[in-house]
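The values are calculated or read from the model by the stated rules, or taken from the named source; none is laboratory data. Because the structure is a prediction, the values reported are computed rather than measured. Cβ atoms come from the backbone with ideal geometry, glycine included; neighbour counts cover every protein chain shown. Heads up: the accessible areas ignore ligands, DNA and RNA and are worked out on the full protein's heavy atoms, side chains in. Shrake-Rupley method; radii C 1.70, N 1.55, O 1.52, S 1.80 Å.
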Amino acid sequence: MPDEPSQNATGIALTTAKTTDPPGTDAAANAEPLDRTALATLLVQHFSNSWGLRTAEFAVYLFLVTLFPDTLLPASIYGFATTGAGIILSGWAGKLVDENHNLRVVRASVVTIKLAACAMYAASLVLLFRLPALSTTERPWSTHLASGMFALIVLAGCVHTLAGVTISVAVEREWVTSIAMDSSTHLTTLNTNMRRIDLLCKLLAPLFVSLLTTVASYRFAAIFMGAVEVACMLFELLWIEIAYRRFPALQEAQAAREAARRVHAREDIAREADQSRPFYLSLAEGMLSKVKATLLDWREFAQYPIFLSSIAISCLYLTVLSFDGTMLSYLKAHAYSDPFLAGMRGLNVVAGLLGTLAMPFLERRLGLVRAGNWSIWSEVVCLLPVLITFYVGAPSDGSRAPTWNAVLLFGGMMLSRIGLWAFDLCQLKELQLALAAHPRRNSLTALQYSLQNIADMLKYILTIILSRPSQFKYAALASFISVLAGASTYLAYVRRERGHILHHSLGDMIPLLGRKTR
């Protein structure tokens with residue numbers, strides 16, 4: 001990997017060699033086993049954090065759909081704003097992790113996430129109390145108080161998203177890579193455990209929210225979830241401290257980063273000592289320097305082979321063919337109940353869990369790059385019948401779809417999650433290996449977040465323009481085209497990494513039936 005931008009050619013060659021190593025040649029196969037207590041503490045903290053994120057992800061959209069029926073616009077505005085914040089500031093989040101003490105950054109992110117979630121629940125609660133007083137022709141945004149509460153939901157959602165990106169870069173990327181210590185086996189173990197926790201929370205959190213809203217009420221759900229966030233904040237601060245102290249690799253990596261920063265600080269002393277320049281010139285030069293640094297990061301990232309893989313996974317974010325807020329709004333407009341939708345989302349998450357189980361098996365049999373190829377194309381195949389349901393036998397607004405249509409819709413989405421999450425794990429490991437030795441790996445990793453957020457924001461632009469449920473089929477078509485484009489881009493990555501796409505012998509083309517890839 002390159003130590004400096006001028007070493008891109010060497011870095012690319014090393015990246016290619018590392019990402020195509022066969023699974024059985026782990027250079028750190030004899031690495032010491034991970035500290036089980038430390039690992040358990042880290043995973044418990046990740047579960048608590050992921051639970052809060054997934055609960056808010058489902059609950060806030062559910063509240064918006066309840067408050068703003070018959071339109072996708074409010075949910076799309078919320079999604080557009082939060083995703084836009086991620087695009088603009090995710091690079092800053094990566095630099096925050098690179099340039100500051102990781103433990104302090106994670107602590108601040110935990111507190112910020114919890115407070116932002118509480119603000120969203122509190123604002124939703126105000127709107128939910130106002131809802132019965134509105135006439136059938138009014139909307140909750142028709143008063144200054146109500147519009148202010150909606151603005152607070154959007155603002156808190158932006159802060160919530162940014163803090164989530166920061167803790168994800170710090171823990172799931174930086175800490176996981178440092179803890180693995182060049183062991184491919186440890187890296188796969190950590191990544192799959194993290195992803196399984198994410199998927200478990202995606203399964204259970206919506207069911208939990210639906211139980212609260214069905215058995216009690218939306219108001220009680222908002223109050224209860226806010227209280228849970230406050231309690232979890234206290235425990236997460238304790239757990240993250242224990243995990244950091246028990247993994248010496250984290251402290252060693254932090255010491256190395258601080259030493260590198262001190263070297264760079266000495267080089268900047270001459271510039272800082274010059275106090276004769278006007279303040280506005282210093283400010284302008286500082287801003288110009290940051291812009292140039294960001295552009296150089298993008299230029300360097302684009303020269304890596306992994307950039308094509310990053311483009312591929314980013315295309316998967318431009319889709320409404322998943323159980324996100326826009327799909328939830330569409331399904332609610334067709335008279336599906338909260339428990340039914342939570343159950344269907346749960347089945348999708350179970351399928352995603354199967355994808356995390358399939359990924360290590362595929363990697364052993366096919367190798368990392370080919371496993372990703374099989375995974376992403378299986379998603380494309382499974383989404384084809386889902387697309388058909390929006391054009392053949394689609395229900396009118398306010399009515400249920402025919403049984404066969406619903407089976408294709410929910411069944412195809414469920415099966416597509418297996419390939420999606422297997423590919424997500426493959427691509428994550430490819431990215432970690434490609435940037436493992438890069439001195440600014442968190443800054444470059446954050447650029448992939450930016451790509452993903454750009455695609456996500458384009459999705460919300462689609463649903464803002466096509467805000468009526470009857471227009472959702474056009475957004476579905478654009479989504480399928482985007483997923484197909486992602487799979488095609490990954491083919492280019494496969495060819496660049498391996499020199500070919502298809503093998504010539506039957507045994508190589510169907511390696512799952514033969515011996516392991518060597």
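The C-beta contact set for the range 309-337 (first residue farther than 29 Å from LYS429 by Cβ, second residue outside any helix (DSSP H, G or I) and basic (Lys, Arg), distance under 7 angstrom, 6+ apart or interchain) comprises HIS334/ARG400; ALA335/ARG400.
With the requirement that a residue be in a helix (DSSP H, G or I) and of a type in the set (Ser, Thr, Tyr), what does the range 39-97 give you? It would help to see each step written out before you state the result.
In the first step, residues of the range 39-97 are kept if they are in a helix (DSSP H, G or I); the result is 39-67, 73-97.
Correct list: THR41, SER48, SER50, THR55, TYR61, THR66, SER76, TYR78, THR82, THR83, SER90.
Note on the range 334-354: residues that are of a type in the set (Gly, Ala, Ser) and open to solvent by less than 20 Å² (accessible area, probe 1.4 Å) total 4.
Within the range 220-244, residues that are without any contact (Cβ under 8 Å) to a residue 24 or more places away in the chain and among the charged types (D, E, K, R) have Cβ atoms under 7 Å from residues that are in a helix (DSSP H, G or I) and loosely packed, with under 15 Cβ neighbours inside 10 Å in no pair, counting only partners at least 6 apart in sequence or on another chain. Taken together, LEU145, LEU155, LEU207, LEU203 contain a single residue that is under 28 Å from VAL126 (Cβ atoms), in contact with a helix residue (DSSP H, G or I) (Cβ under 6 Å, 6 or more places away or on another chain) and open to solvent by 10 Å² or more (accessible area, probe 1.4 Å), which is LEU207. Residue-level analysis places LEU250 outside the set of residues that are in the same structural domain as LEU125 (by the TED database), at pLDDT 90 or above and more than 22 Å from SER90 (Cα to Cα). If the condition is being within 23 Å of the chain's Cα centre (by Cα) and under 19 Å from ALA56 (Cβ atoms), then the range 330-347 contributes LEU341, ALA342, ARG345, GLY346.
Considering the range 361-380, and only residues there that are assigned to a helix (DSSP H, G or I) and over 13 Å from PHE423 (Cβ atoms), the residue that is farthest from the chain's Cα centre (by Cα) turns out to be ARG365. Within the range 381-403, the residues that satisfy the criterion of being open to solvent by 50 Å² or more (accessible area, probe 1.4 Å) and part of a helix (DSSP H, G or I) are VAL381, LEU384, ILE388, THR403. Counting the residues of the range 75-99 that are polar (S, T, N, Q) and over 18 Å from THR112 (Cα atoms) gives 1.
When the range 49-80 is limited to residues that are touching a Phe, Trp or Tyr at 6+ places or on another chain (Cβ under 9 Å) and open to solvent by 10 Å² or more (accessible area, probe 1.4 Å), the one that is modelled with the highest pLDDT turns out to be TRP51.
In the range 468-488, what residues are among the hydroxyl-bearing types (Ser, Thr, Tyr) and open to solvent by less than 30 Å² (accessible area, probe 1.4 Å)? Let's see the steps before the verdict.
Taking the range 468-488 first, the residues among the hydroxyl-bearing types (Ser, Thr, Tyr) are 470, 474, 479, 482, 488.
Across the range 468-488, the qualifying residues are SER479, SER482.
Looking across the range 306-336, the residues that are farther than 30 Å from ALA436 by Cβ and part of a helix (DSSP H, G or I) come down to GLY325, THR326, MET327, LEU328, SER329, TYR330, LEU331, LYS332.
LEU415 fulfils the conditions (1) open to solvent by less than 50 Å² (accessible area, probe 1.4 Å); (2) part of a helix (DSSP H, G or I); (3) of a type outside the set (Ser, Thr, Tyr) except for a single criterion, (1). Among the residues making up the range 425-452, those that are open to solvent by 20 Å² or more (accessible area, probe 1.4 Å) and assigned to a helix (DSSP H, G or I) are LEU433, ARG441, TYR449, LEU451.
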